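The values are calculated or read from the model by the stated rules, or taken from the named source; none is laboratory data. These numbers were taken from a predicted model, which means no experiment stands behind them. Counting neighbours? That spans all protein chains shown, and the Cβs are built from the backbone with ideal geometry, glycine included. When the accessible area is computed, the model is the full protein with side chains, heavy atoms only, and any ligands, DNA or RNA have been set aside. Shrake-Rupley method; radii C 1.70, N 1.55, O 1.52, S 1.80 Å.
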Amino acid sequence: MSALSQNPSTEETPPTRILKVAFVLSEVDPLAKVGGLGDVGGALPAALARIPPEQLGGARLDIRLILPFHVPLKEKLKTAKPVVSFQVPTTGRPVKAHVFETILDGLPVYLIDGAPVSKLPDIYGNDPLQMAEKFTFFSLAALHLIKKINWEINVLHAHDWHSALSLYGMETLFQKDPAFRNVLKILSIHNLPFLGEKSSQILQQYLLPPADGEILSEWARLLPLPLGMLVADRIIAVSPTYAQEILTPEFSSGLEEFLRTRSNHITGILNGIDIERWNPASDALIPHLFSSDNLAPRSQNRQSLLEEFGLSRQVGIPLLTFIGRLDYQKGMDLLLKALPRLAQHPWQFILLGAGNPDLEQACRVLEERFPSRVRAVLRYDAQLARRLYAGADMLLMPSRYEPCGLAQMIAMRYGCIPIARATGGLKDTIQDTRLSAGTGFLFKKASSAALSAAMTAALQYFKDQTAWEALQYRCMKQDFSWEKSALEYAKIYLNDKGGTER
Ligand code: ADP
């Protein structure tokens, strides 16, 4: 049996090999998005499918996505077509799974439903047990689905802990199953510290055995992400710097020894952004369109924002923004300490974020302390995010760690200059302006003092508007499109064993 379909060949046209890839994950923009994972799910599969066979030695990728049928999605996708139903075995009663199908950007998306998915009102929840059940069920149901529809995949590409167990399930529960013989197992790491905590009981309930041997420390032998990393043929961190960082004690979440044993399998590939979806020259959700060659309308976007939020519209005051999850990872606490230190400088600040209740409260306090300069918008608002990228002068990203980070790339594409900690993908995508042809302001230490110093440098730089516009121009000319990264992924699919006949 060959899983690589062959088109009828003629002497002139070599046969097209079709490599079948199951892309299994929890977020796909615009269907379901909480953060950068959703952006990747929404853009990378289509970019992979677009790669011309000439660039892949004559091969073509047949990519389909597998996503939980999250409760908020059901409203949006009432017409999704039922595909198949089956049961997922457990130590108790088997759990029923119902799979639906929709199409996104021309690619099939399978949506897995069942009690563990419909129990959770949102994409994610706060109860680790419910989360573990939803994503263990989802990961295993993905394997049953692949078998049920006789889809002879060559590659299973999982993302983060939510789908890591589809790799481990393949290696254990389906070890001898011909449907999965020689399937290449790829795991992308978008955020290492989310290991899938407190799920050991659920894993056992779904018949998954703990890892044997000593490679994994005992505490990690029944945790989804470490198990996925244990069996993956390739572990792909979402930036080259993060691929290095996860091998160090500071970033490895206690897994550095284990990860070092796997270091030959770890690669870093930088995420891209969808440059069509994120384009200030055609973005229907921003009031004034602009481009690198026509920056002038941009300042009107800033004025509209100031008006919308009741801030003074005085010209020459830089507008700062933060757009992101309110989590200690993102360093908002550092920013909350840095801003008051810079009170003698002119600036205005609109922050958009939701998450940790203590941080949300601290943001409210900052707004109360600076009522004429600060607005804290504590929600998820995709439209406002676009207006902020298009109108603010500087984006603050003082992340403690940042596997890749998309906000800084989007900001640069919209001429909003990043001030960021030199870590992970931030380091890989931003050049400090103190170097020639820089694109932003970087600082090393995760401290409010280091952040304030970088902000002071940026505020100073802003005073020279000619230099600032040149900086904006350089940012907007950066190529963050998915094409290059998608090709790197595709080469891994092809060159590793998934690219060979099964
Ligand atoms: P992460 O994946 O860690 O959340 P990224 O920078 O990689 O961070 O991606 C964040 C994405 O989510 C960006 O597209 C950003 O614009 C968006 N985003 C984050 N928080 C919000 C929010 N409160 N409202 C709108 N968009 C948001």
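Before moving on, here are some points about what is shown:
- R0 of 30 Å, Cβ-Cβ distance ASN182-GLU101: FRET efficiency to nearest 0.05: 0.70
- Considering only THR79, GLN300, LEU107, and ranking their Cα positions along the charge dipole of the chain that arises from unit charges at the beta-carbon of Lys, Arg, Asp and Glu, the one farthest toward the positive end is GLN300.
- In the context of the full set of protein chains, residues of the chain present 40 Å² of accessible surface per residue (probe radius 1.4 Å, heavy atoms only).
- Computed accessible area, ARG181, all protein chains, 1.4 angstrom probe, square angstrom: 150
- Separation of the SER291 and GLU368 label points, Cα + 7 Å toward Cβ, nm: 4.8
- Dipole magnitude (debye, nearest 20) for segment 298-480, charges at Cβ of Lys, Arg, Asp, Glu: 220
- Computed extension gain for GLN201 through GLN460, at 0.36 nm per residue and net of the alpha carbon distance, reaches 87.7 nm.
- Sulfur and carbon atoms: percent of accessible area, the chain [1.4 Å]: 51
- Take the Cβ atoms of ALA343 and TRP219, set R0 to 51 Å, and the FRET efficiency comes out at 0.65.
- A cut-off of 5 Å between modelled amide H atoms, ignoring neighbours fewer than 5 places along the same chain, links ILE18 with SER5, ARG60.
- A simple spin-label model places pseudo-atoms 7 Å from Cα toward Cβ; at SER282 and ALA382 they are separated by 1.8 nm.
- Convex hull volume of the Cα atoms of the chain, normalised per residue: 155 Å³.
- Nearest-0.05 FRET efficiency for GLN314 and LYS491, computed from C-beta distance (R0 41 Å): 0.20
- Virtual spin-label span in nm between LYS477 and THR172, 7 Å along Cα→Cβ: 5.3
- The phi-based Karplus calculation (6.51 cos²θ - 1.76 cosθ + 1.60; θ = phi - 60°) puts the 3J(HN,Hα) values of segment 446-456 at 7, 9, 5, 5, 5, 5, 4, 5, 5, 5, 4 Hz, whole numbers, x for Gly and Pro.
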